[in-house]
């Protein structure tokens, strides 16, 4: 039994030593004496999950904000895990869709005006050492289907 265990260990060490991939996965086997879990070797330029937050001033001289459109850079991957908060900290009712590199935040109540919104992009995947993330912002107001450019948001990579 000891001899079999020694051969299995030597074979496992040799396999690990000659593996050229940057990650390892494990197989759970109840007969095995030791289990290795969640071992990971990250390359120099690794991806990380971050939360990116920005404030948006919505002017009072509009009918109401119906949509916020965010063009994301090619250097990030975003999820639909997005929160929008009013200036008093309460969550705003939104519908979110993510198409390729475009996020569309729809405001079903259509009464967003004369306020500051806090937009939280949760679970954004970006390189830990890479270029800045630059987002272009567009808006649609109630009664119009035209996308109006409203600004640019830049997040530094760290």
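Values in this text are rule-based calculations from the coordinates and carry no lab data. Please read these numbers as outputs of a predicted model, since none were measured by experiment. Because the Cβ atoms are built from the backbone with ideal geometry, glycine has one as well, and the counts that use them run over all protein chains shown.
Tabulated data
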| item | result |
| --- | --- |
| Any hit, the stretch 105-116, residues being farther than 17 Å from residue 59 by Cβ, more than 19 Å from the chain's Cα centre (by Cα) and part of a loop (DSSP other than H, G, I, E, B) | yes |
| Sole residue being surrounded by 14 or more Cβ atoms within 10 Å (Cβ to Cβ) and more than 13 Å from the chain's Cα centre (by Cα), chosen from 141, 98, 78, 152 | 141 |
